[in-house]
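Please read the structure below before turning to the comments.
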Amino acid sequence: MAQASKPVMQADGNSGSLKKISAQQLRLGMYVHKLCCSWLTTPFWQTAFPVEAAQTIAQIHASGVTQLWIDLAKGVDVDVAADVAVLGDESAGLPAALDDCPAASFRFAPVTPAPMADEMRRAAALIDRSRDAVVSMFQDARMGRAVDLQGAMPLVDEIAGSVMRNASALIGLARLKTADNYTYMHSVAVCALMIALARQLGLDDAVTRELGLAGLLHDVGKMTVSPAILNKPGKLTAEEFDSVKLHAGAGHELLCAAGGIGAIALDVCLHHHEKYDGSGYPHGLKGEEISLYARMGAVCDVYDAVSSNRPYKTGWGPAESLRQMAEWSRGGHFDEKVFAAFVKCLGIYPVGTLVRLKSGRLGVVAEQKSQGSLLMPKVRVFFSTRSQTYIVPQLLDLAQPGVGDAIVCCEQERKWGLSDLDRFWRDVPSACRAGS
């Protein structure tokens, strides 16, 4: 063993029982005292916990932790653990062990951050290609054919590149859907959101790529649900809702039958409707019985669903969607740490949010800043609340010195009789870049 990987001992008050080890030395039977990382990069609520399942080890590896402290008074040492057989994860009906994770050697091609207007043009073309590719993949899975991963993974790489250049462009555009393409566009949106969230959580590129694929494929089981039910404008009956709930298991079966799909995508497909309090489906998993990846999938899936127009409901605005989800998270729907990271990567005021400024003007958030305060995005003002009239649109960077304005609150478009707010952020011509 190399010198750098040797365990380090530390006195622990009375017991002197703590030892620092590398994450690669972690084995079943150990007791984790502390992970050497930021709390946002891990899926664990506890600061200390026993390692009783292979999935726990896989989650620690996937979260990017490289070192941790173990407590020898409560668990086995490195030498003892080496003799413990590596068991499959038998907890609560999870799929085959998630320690079948991709090698960390994959790296996305480096990108240069892009202005919103520039990335919007590329993102619009990418969305068109992505939609067609998802339609083809879903049809292949429904027919029992192997999913074209050679075509899917380059698509994930393109989406990741767009997210890394300017996440607001693709994520904002993917929220705009029509009734006939919702399922496919939803998959593209969740792919982009999963990649953005994975990067916020500090997951490595290989896992991030697999999570992007999981986002593309998570709803493939909807192909087995009657379109009349999926597009029903009114409330579903209990029988209809039971039919919809079968899509998670059906999608998992389709992907297993198609072959070649990794454990992460299979897990997210099956468990993205599980809830942290155990009230979800299909298995009623609770807390950390749900993998980090499925917990991420739950947040991304719900956000895109509630912020998009559906046949039976007009979507909430981005900020209102986050506000509602925050209430659900406190009620046990989501992992609160994962949700907090999601809010951080979207911004307090996501692109498309209607806001009122101190000046009495209304504006739509047009771009998040890559650095700086989440409270000071770029806003395109277009309406005066004092005169109740539209004004010449102007793009303001609220973080710039001398702008002299700030967000007071979010607003509802129906309150002011406004419509089609998306037109104020989808196209930001150079003539309107004052203050940017």
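Condition first: open to solvent by 40 Å² or more (accessible area, probe 1.4 Å) and either touching a Pro at 6+ places or on another chain (Cβ under 9 Å) or not charged (D, E, K, R) (or both). Now tell me which residues in segment 103-134 satisfy that. Give the derivation first.
At the first step, the residues of segment 103-134 found to be open to solvent by 40 Å² or more (accessible area, probe 1.4 Å) are 103-107, 109-113, 115, 118, 121-122, 124-125, 128-129, 131-132.
Of everything in segment 103-134, those that are open to solvent by 40 Å² or more (accessible area, probe 1.4 Å) and either touching a Pro at 6+ places or on another chain (Cβ under 9 Å) or not charged (D, E, K, R) (or both) turn out to be A103, A104, S105, F106, A109, P110, V111, T112, P113, P115, A124, A125.
Collect the residues in segment 251-270 that are small (G, A, S), outside any loop (DSSP other than H, G, I, E, B) and open to solvent by 20 Å² or more (accessible area, probe 1.4 Å), keeping them in residue-number order.
First, pick out the residues of segment 251-270 that are small (G, A, S): 251, 257-260, 262-263, 265.
Subset that is outside any loop (DSSP other than H, G, I, E, B): 251, 257-258, 263, 265.
Across segment 251-270, the qualifying residue is only A257.
Quick check on segment 313-334. Is at least one of its residues farther than 29 Å from G234 by Cβ and open to solvent by 10 Å² or more (accessible area, probe 1.4 Å)? Walk me through it before giving the result.
Start the filter on segment 313-334 by keeping residues that are farther than 29 Å from G234 by Cβ, which leaves 330.
With open to solvent by 10 Å² or more (accessible area, probe 1.4 Å) added as a condition, the list becomes 330.
There is at least one residue in segment 313-334 that is farther than 29 Å from G234 by Cβ and open to solvent by 10 Å² or more (accessible area, probe 1.4 Å).
Spot the failing condition for H273; the list is (1) at pLDDT 95 or above; (2) open to solvent by 10 Å² or more (accessible area, probe 1.4 Å); (3) in a helix (DSSP H, G or I), and only one is missed.
Failing condition for H273: (3).
For P282, only one of the following conditions fails: (1) open to solvent by 40 Å² or more (accessible area, probe 1.4 Å); (2) in a helix (DSSP H, G or I). What is its number?
So P282 meets the others, but not (2).
Specify the residue that is farthest from K415 (Cα to Cα); the eligible residues are those in segment 361-400 that are small (G, A, S) and open to solvent by less than 10 Å² (accessible area, probe 1.4 Å). Walk me through how you get there before you give the answer.
Step one: filter segment 361-400 for residues small (G, A, S), giving 363, 366, 370, 372-373, 384, 387, 399.
So of that shortlist, the ones also open to solvent by less than 10 Å² (accessible area, probe 1.4 Å) come out as 363, 366.
Working: G363: 14, A366: 21 Å.
Restricting to residues being small (G, A, S) and open to solvent by less than 10 Å² (accessible area, probe 1.4 Å), the top hit is A366.
May I ask you to say which residue of A294, A340, A305 is within 13 Å of the chain's Cα centre (by Cα), buried (at least 18 other Cβ atoms within 10 Å of the Cβ), among the hydrophobic types (A, V, I, L, M, F, W, C) and in a helix (DSSP H, G or I)?
Details: A340 fails: buried (at least 18 other Cβ atoms within 10 Å of the Cβ); A305 fails: buried (at least 18 other Cβ atoms within 10 Å of the Cβ).
Residue meeting the stated conditions: A294.
May I ask you to verify whether A192 is crowded, with 24+ Cβ neighbours inside 10 Å and part of a helix (DSSP H, G or I)? Write out each step before concluding.
On the way: crowded, with 24+ Cβ neighbours inside 10 Å: yes; part of a helix (DSSP H, G or I): yes.
For A192, the condition - crowded, with 24+ Cβ neighbours inside 10 Å and part of a helix (DSSP H, G or I) - is met.
The values are calculated or read from the model by the stated rules, or taken from the named source; none is laboratory data. From a predicted model like this one, the values you see are computed outputs, not experimental measurements. Ideal geometry is used to build each Cβ from the backbone, glycine not excepted, and the neighbour counts take in all protein chains shown. Each accessible area value is taken on the protein alone, full model and side chains, heavy atoms only, with ligands, DNA and RNA left out. Shrake-Rupley method; radii C 1.70, N 1.55, O 1.52, S 1.80 Å.
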